[in-house]
Amino acid sequence: MSPDARLPAAPPRSGRADPDEIEVVLFDVGGVLLEVHGIAVLLEWFEHRVTPEEVWRLWFASPTARAFESGRIGADEFAAGMLAELRLDMTPSAFLDSFITWPARLYPGALELITRIPSRYRRAVLSNTNALHWPRVVGELGLGEGLFEQCFTSHLMGKIKPDAQAFEHAIEALACEPSRIVFLDDNLVNVDAAQSLGLRAVQVRGLAETRRALEELRILESES
């Protein structure tokens, strides 16, 4: 799961498609269905000495973050490694107490939007997340796994976006041609990686853009 979705606004990258050729709607979670506060918290810790884009790059380049979100290390090692990498003056327990709250809430209307997708489409998730965030997302925050046919989470797959192996794992498990999968993600690097493998990937930021992309793809009928 990405640390935050609240980056400078950009129009969604999308294109019209024949809905009869689409079989799967594959969602990212953070920044698409779920509001996350990680970047805002990190900016406060850095006393706004860096930009949101720089924090973003630090997070995705972090070997410790990648190891944790691909399930290779535990929470204690993750906290110690991030404090060292980011040079933060706080205790590991304080870091983890904050980190676990970064997923804030489902965007209002997210559950309704998911259930509006007609039953002829399969619904699935492909998300970078971890052993602290994912249980909160499906439990406390209400994104129950029963909403989706399959959930591909980085910490359980051992694979992380934007690496090709994460997408290839999902494609193989879905047993579906990449061109018949619509993938919605808030991060352009993930969208580009998915497109390079043949998925119909669309960049969306927040639920309004997610809804609009599904309407433009004629998966959902417009409410207007």
- Message: If E53 satisfies all but one of (1) surrounded by 17 or more Cβ atoms within 10 Å (Cβ to Cβ); (2) closer than 19 Å to V189 by Cβ; (3) free of Cβ contacts under 8 Å to residues at least 60 places away in the same chain, what's the number of the condition it fails?
- Response: (1)
- Message: Scan the range 137-149 and tell me whether some residue there is surrounded by 15 or more Cβ atoms within 10 Å (Cβ to Cβ), outside the structural domain of S70 (by TED's automatic domain parsing), in contact with a Ser or Thr (Cβ under 9 Å, 6 or more places away or on another chain) and within 19 Å of G30 (Cβ to Cβ).
- Response: yes
- Query: If you check Q203 against the conditions, is it among the polar types (S, T, N, Q) and in contact with a helix residue (DSSP H, G or I) (Cβ under 7 Å, 6 or more places away or on another chain)?
  - Reply: yes
- Hey, among the residues in the range 63-90 that are touching a helix residue (DSSP H, G or I) at 6+ places or on another chain (Cβ under 7 Å) and touching a residue at least 60 places away in the same chain (Cβ under 8 Å), which one's surrounded by the fewest Cβ atoms within 10 Å (Cβ to Cβ)? G71
- Item | Spans of helices (runs of 4 or more DSSP H) in the range 118-224 with at least 3 residues touching a Pro at 6+ places or on another chain (Cβ under 7 Å) and within 27 Å of H37 (Cβ to Cβ) | 133-138, 188-196, 207-216
- Message: Restricting to the range 61-96, count the residues that are of a type in the set (S, T, N, Q) and either closer than 12 Å to A131 by Cα or in contact with a strand residue (DSSP E or B) (Cβ under 7 Å, 6 or more places away or on another chain) (or both).
- Response: 1
- Report, by residue number, each residue of the range 39-96 that is under 17 Å from S154 (Cβ atoms) and part of a loop (DSSP other than H, G, I, E, B). S62, S70, G71, R72, I73, G74
- Could you list all residues from the range 104-117 that are in a helix (DSSP H, G or I) and either out of contact with any strand residue (DSSP E or B) (no Cβ under 9 Å at 6 or more places or on another chain) or loosely packed, with under 15 Cβ neighbours inside 10 Å (or both)? L111, E112, L113, T115, R116
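The values are calculated or read from the model by the stated rules, or taken from the named source; none is laboratory data. Computed from a prediction, not measured in an experiment: that's the story for all the values here. Positions of Cβ are backbone-derived with ideal geometry, glycine not excepted, and every protein chain shown enters the neighbour counts.
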